[in-house]
Amino acid sequence: MKFSPASEIHFLLDSSGALIVFQEKDASWAGVLGFTTEENAREFCRVSNLDAAEIASISVGDPEAIAALIKSVKNRAVRNLLLDLDYKTGACTQVEFDGDRFGEAAARQMTPPARH
């Protein structure tokens with residue numbers, strides 16, 4: 001399916017300002033975490049106990065910002081955007097990178113964390 005997000009995507013940044021990515025166990029690639037709302041980003045941090053230092057947003061109508069984002073993460077073995085990852089269930093939308101823009105999107109089911 002073609003990717004048609006909200007007007008902005010919200011990203012989590014660590015204390016050094018780097019984008020936070022997610023890599024499943026034994027996977028070769030990682031995906032950058034993105035959220036359709038700031039509330040979804042904050043909920044992910046709360047549920048996962050992730051200590052993100054900041055939430056940054058880019059407009060999906062800004063092709064230069066999207067291209068810069070994709071270029072900045074590709075050298076880190078990041079190959080897609082994991083949109084609205086639900087930490088409890090593992091459900092999200094995986095958006096492939098198509099050159100320097102967002103490409104096809106598909107529902108994705110990650111392995112949820114083990115319950116202790």
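A few comments on the model shown:
- Leading residue by the ranking (farthest from Thr37 (Cα to Cα)) among those in the stretch 86-98 that are open to solvent by less than 60 Å² (accessible area, probe 1.4 Å) and part of a strand (DSSP E or B): Phe97
- Filtered residue count, the stretch 34-47, keeping only those that are touching a residue at least 24 places away in the same chain (Cβ under 8 Å) and under 10 Å from Leu12 (Cβ atoms): 5
- Residues of the stretch 86-95 that turn out to be touching a strand residue (DSSP E or B) at 6+ places or on another chain (Cβ under 9 Å), free of Cβ contacts under 8 Å to residues at least 60 places away in the same chain and either of a type outside the set (Val, Ile, Thr) or at positive phi (or both), as a count: 4
- Residue check for Ser57: within 13 Å of the chain's Cα centre (by Cα), among the hydroxyl-bearing types (Ser, Thr, Tyr), on the phi < 0 side of the Ramachandran plot and not in a loop (DSSP other than H, G, I, E, B): yes
- Scoring Leu83 on the criteria (1) open to solvent by 20 Å² or more (accessible area, probe 1.4 Å); (2) touching a residue at least 40 places away in the same chain (Cβ under 8 Å); (3) not aromatic (Phe, Trp, Tyr) leaves a single failure, condition (1).
- Selection count where residues are among the polar types (S, T, N, Q), in contact with a strand residue (DSSP E or B) (Cβ under 7 Å, 6 or more places away or on another chain) and free of Cβ contacts under 8 Å to residues at least 40 places away in the same chain, scope the stretch 48-80: 0
- Unmet requirement for Ala67, which otherwise passes all of (1) exposed (fewer than 12 other Cβ atoms within 10 Å of the Cβ); (2) part of a helix (DSSP H, G or I): (1)
- Residues in the stretch 18-54 that are in a helix (DSSP H, G or I) and either open to solvent by less than 60 Å² (accessible area, probe 1.4 Å) or touching a Phe, Trp or Tyr at 6+ places or on another chain (Cβ under 8 Å) (or both): Ala41, Phe44, Cys45, Val47, Ser48.
The values are calculated or read from the model by the stated rules, or taken from the named source; none is laboratory data. What you see is a predicted model, and the numbers here were worked out from it, not measured in a lab. Because the Cβ atoms are built from the backbone with ideal geometry, glycine has one as well, and the counts that use them run over all protein chains shown. When the accessible area is computed, the model is the full protein with side chains, heavy atoms only, and any ligands, DNA or RNA have been set aside. Shrake-Rupley method; radii C 1.70, N 1.55, O 1.52, S 1.80 Å.
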